[in-house]
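Visitor: First, the structure itself, so that you have it in front of you.
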């Protein structure tokens with residue numbers, strides 16, 4: 001039986017229900033960019049059969065598209081994990097991990113040199129929710145072991161008490177490289193979950209999931225690797241995004257469930273930008289590493305420079321730990337300028353740089369310089385005396401950056 005002719009449609013309806021479909025067979029180097037909130041199902045049965053936690057199907061734009069799934073798979077491979085969840089920023093990824101794993105009465109352990117916003121999240125929102133936090137010395141694993149041992153393993157009602165340990169390699173701003181082997185051993189002994197802020201390593205300098213001998217002939221590492229894709233994977237200083245990579249299925253599902261309930265999502269065009277930057281991340285990372293090491297070594301011999309804090313330098317805090325785990329280093333380091341200088345002189349030094357811009361973040365094409373007040377960042381500064389300026393090296397010629405720094409140092413007298 002022939003079908004009855006369809007009634008003509010109004011122009012706007014015809015645009016929305018246009019019959020054209022692109023032919024199969026399109027294949028290009030860049031992945032397709034799929035935008036949309038509504039995902040259309042072939043029938044009601046298919047709609048009811050799908051669940052948003054199934055990563056091989058599509059239910060709603062917020063839960064994933066072919067574009068976001070592609071980035072998640074590539075990031076999991078880069079980090080050496082199995083599962084990946086995207087978040088709107090690195091800090092959002094940190095917050096998602098905390099919210100997924102911690103409940104009232106649980107304890108969070110942070111390195112004393114932790115990323116400042118992560119510490120502030122613990123001091124305010126987490127504290128308001130009845131989650132306490134403790135600081136430990138990342139260069140002294142025994143301080144973590146002692147802190148973990150001091151906390152009861154159970155809540156008053158008998159529920160297991162979650163202990164989440166954040167690791168940061170290298171430490172924020174002061175760049176100490178932690179004793180990862182010792183810290184992981186302490187955490188495993190006391191049954192704590194470990195999460196590494198692996199933004200500095202970018203999935204290239206160290207293998208977060210294979211850091212230590214597991215005692216059974218294999219390798220083990222952290223439970224979670226968090227990465228601020230804002231930095232090296234993007235590379236353009238134009239995207240905010242974070243990722244959470246795991247190997248354990250159950251742990252991934254806990255994080256994914258919280259992520260879904262919070263309604264976190266990332267824009268398709270931002271994902272496209274990260275996918276575009278990802279193939280060159282190793283080239284850029286190693287180029288910026290080489291440039292930063294050259295500048296760090298030169299600065300170490302300059303007047304008015306009291307100390308250079310770069311994990312690859314032999315006298316840097318935690319250098320031996322860096323040498324144990326890493327094959328590379330990020331293009332970021334800090335210098336301690338002469339304590340005899342005034343804060344105004346240090347600010348003037350930064351203001352006077354012509355190629356180094358003043359701004360937060362790193363991993364982009366433009367070099368950055370930011371002065372920090374150590375008194376506001378560390379209770380125990382462990383002899384880090386002087387005025388700290390963090391330098392993030394971009395993709396400019398090293399000779400030009402060195403000349404810019406030389407002019408600035410000369411102006412200090």
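Visitor: Hey, with R₀ at 41 Å, roughly what FRET efficiency would residue 82 and residue 290 work out to, going by the Cβ-Cβ distance, to 0.05?
Guide: According to the calculation, E is roughly 0.80.
Visitor: Please state, as a whole number in µm²/s, the translational diffusion coefficient that the Stokes-Einstein equation yields for the chain at 4 °C and 1.567 mPa s, with Rh defined as the Kirkwood radius across alpha carbon pairs. Kindly include the intermediate steps, with their values, before the conclusion.
Guide: Details: Rh = 23.4 Å.
Result for D is 55 µm²/s.
Visitor: Same structure again: Give the calculated FRET efficiency between residue 44 and residue 128 to the nearest 0.05, with a Förster radius of 35 Å applied to their Cβ-Cβ distance.
Guide: Calculated transfer efficiency: 0.20.
Visitor: Taking N as the number of residues in the range 48-150, what is its Cα Rg relative to 2.2 N^0.38 Å?
Guide: Cα Rg divided by the expected 2.2 N^0.38 Å: 1.36.
Visitor: Another one. Taking the mean number of other Cβ atoms within 10 Å as a proxy for protection, how do you rank 146-152, 333-339 from highest to lowest?
Guide: Top of the packing list down: 333-339, 146-152.
Visitor: Please compute the volume of the convex hull spanned by the alpha-carbon atoms of the range 48-279 and report it per residue in Å³.
Guide: Numbers: hull volume 31.7 nm³, N = 232.
Spread over its residues, the Cα hull of the range 48-279 gives 137 Å³ apiece.
Visitor: Would you give the gap between the C-alpha center of the range 71-99 and the C-alpha center of the range 293-344, rounded to a whole Å?
Guide: 30
Visitor: Quick one: 190, 133, fewest Cβ neighbours within 10 Å first, how do they rank?
Guide: Working: 190 17, 133 21.
So the ranking, lowest neighbour count to highest, is 190, 133.
Visitor: Please work out whether the range 210-312 counts as rounded, prolate or oblate from its C-alpha gyration tensor, where a ≥ b ≥ c are the square roots of the eigenvalues and a/c under 1.5 means rounded, while otherwise a/b larger than b/c means prolate and anything else oblate?
Guide: oblate
Visitor: So between residue 253 and residue 154, what do we pick up on full extension, going 0.36 nm a residue minus the alpha carbon distance? Write out the running numbers ahead of the final one.
Guide: Details: separation 99, 0.36 × 99 = 35.64 nm, distance 2.32 nm.
Value of the extension gain: 33.3 nm.
Visitor: Something else: Over the range 281-411, consider all pairs of different Cα atoms and compute the Kirkwood hydrodynamic radius from their mean reciprocal separation; express it in Å, one decimal.
Guide: Here the Kirkwood hydrodynamic radius works out to 15.0 Å.
Laboratory data are not the source of any read-out in this text; all were calculated from the coordinates shown. What you see is a predicted model; the values in this text were computed from it and never measured. Quick reminder, even Gly has a Cβ in these numbers, built from the backbone with ideal geometry, and neighbours come from all protein chains shown.
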